[in-house]
Amino acid sequence: MPVSENDLVFNLCCLQKRSARKRFRKSILDKWPDCAYCGRPKPSTLDHVLAQSKGGKNERHNLVGCCGECNLIKSDTPWFVWYRSQDFWTIEREEKILDWVNQQEIESSLPMLTDWLEYETLLLPKTA
């Protein structure tokens, strides 16, 4: 039987669970050089965009890098409700978060946001 390109595995390595978690965490923090919410440099925590208590999963595109203060204050509040009520809210950071979350949809072809929020709601202007 001929070997196809799909049958080959490259750069395969085994990691202990702890090392895998550290690598996973670092890969997300590296994508967020500033807090996803307030913009402070070098975020130190990961925040679940859709909180675990609301059904959010520990998946790459449900996690953003953020500062400890934003993570603590946001708690399990829906991010778009909490974020839009903050003085540091910007449309640019909101769109960056949406782009990040929506990468899951592109990669898996399964809508992630429709379970907890319709897209149109995300596109509404910030209310005073």
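The values are calculated or read from the model by the stated rules, or taken from the named source; none is laboratory data. Model, not experiment: these values are computed from the prediction. Cβ coordinates were reconstructed from backbone atoms using ideal geometry, including for glycine residues, and neighbour counts include every protein chain displayed.
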Somewhere in the stretch 80-99, is a residue closer than 17 Å to Lys26 by Cβ and aromatic (Phe, Trp, Tyr)? no
Output the residue which, of all residues in the stretch 30-56 that are hydroxyl-bearing (Ser, Thr, Tyr) and exposed (fewer than 15 other Cβ atoms within 10 Å of the Cβ), is nearest to the chain's Cα centre (by Cα). Ser44
Scanning the stretch 73-94 for residues that are loosely packed, with under 13 Cβ neighbours inside 10 Å and either in contact with a Leu (Cβ under 9 Å, 6 or more places away or on another chain) or not aromatic (Phe, Trp, Tyr) (or both), the one nearest to Arg21 (Cα to Cα) turns out to be Ser75
What is the one condition in (1) surrounded by fewer than 15 Cβ atoms within 10 Å (Cβ to Cβ); (2) under 16 Å from the mean Cα position of the chain (by Cα); (3) part of a helix (DSSP H, G or I) that Cys70 does not satisfy? (1)
Residue check, Glu69 within 25 Å of Lys22 (Cβ to Cβ) and modelled with pLDDT of 95 or more: yes
Any residue in the stretch 15-38 that is touching a residue at least 12 places away in the same chain (Cβ under 8 Å) sitting within a Cβ distance under 6 Å of a residue that is crowded, with 16+ Cβ neighbours inside 10 Å and in a loop (DSSP other than H, G, I, E, B)? List the pairs, counting only those 6 or more apart or interchain. Trp32/Pro43; Cys35/Pro43; Cys35/Cys67
Against the definition (at pLDDT below 95 and within 23 Å of Arg84 (Cα to Cα)), how does Leu46 come out, yes or no? no
